[in-house]
Amino acid sequence: MYISRETDRKLREFIALTYRRFEKGLLSHEVERAIQHWIAMHTNAQTQLTGKGPNPTPLVVQAYQSVKRYLMRNYYMELPPGSVVVEKHLREAIMATRGSDPRTVKKWLRTFTAFHLIKHLGGARWELAA
């Protein structure tokens, strides 16, 4: 197996910092752990290795996805990243999926903005990031 000199150097530095030493077997151990982690992240092996599945989607992202689905069902054919939506539609989608209290709508607009899922473009226009 071949890896670049730069990757090899970084890996050896990481091992030296992590274990405060570099001795026989540590390189193999860390490479094996990295490969196991990669396999687990790309297959259902994570369940087999840890006994539990991958991390769930954050609740904020789930809420955003439900708002986006509402927008697509009612106003837009598709919403790829970078799409611009009208604030009236966005507020309506939040009210329909998260709750109609004005404070709730304001909270979700702030939360989606903080998570970089939406961006206010000024006026009544919002850009969808994801």
## Note on the structure
Given GluC sites (Glu not before Pro), DSSP loops and at most 13 other Cβ atoms within 10 Å, the longest exposed-site-free stretch of the chain is 24-77
### Task
Using θ = phi - 60° and the Karplus relation 6.51 cos²θ - 1.76 cosθ + 1.60, list the HN-Hα couplings for segment 17-30 in order, rounded to whole Hz, with x at every Gly or Pro.
6, 5, 9, 6, 6, 9, 10, 3, x, 5, 4, 4, 4, 5
### Cα shape, segment 59-128, gyration tensor, a/c 1.5 rule
rounded
### Message
Rounding to the nearest 10 and keeping the result within 0 to 90°, find how far the Cα-based axis of helix 87-98 lies from the longest principal axis of the chain.
### Response
70
### Summary
Residue-normalised 222 nm signal for the chain, counting each DSSP H run of n ≥ 4 as -39,500 (n - 2.57), nearest 500 deg cm²/dmol, is -19500 deg cm²/dmol
### Among [x] 0.93; [y] 1.37; [z] 1.22, the entry derived from the coordinates for Rg/Rh (Cα atoms, Kirkwood Rh)
[z]
### Query
Quick one: helix 102-114 against the long Cα principal axis of the chain, what's the angle to the nearest 10°, folded into 0 to 90?
30
### Query
In nanometres, what is the gap between the two model label sites at ASN74 and LYS119, each 7 Å from Cα along Cα-to-Cβ?
2.6
### Query
Which longest uninterrupted range of the chain lacks any trypsin sites (Lys or Arg not before Pro) assigned by DSSP to a loop state (not H, G, I, E or B) and surrounded by at most 15 other Cβ atoms within 10 Å?
53-130
## Note on the structure
Expected unfolding gain across GLU13-TRP38 under the 0.36 nm per residue rule, minus the alpha-carbon gap, is 7.0 nm
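Here, each number is a calculation from the coordinates, and none is a lab measurement. Not measured: the values here are computed from a predicted model. Virtual Cβ from ideal backbone geometry, glycine too; neighbours counted across all protein chains shown.
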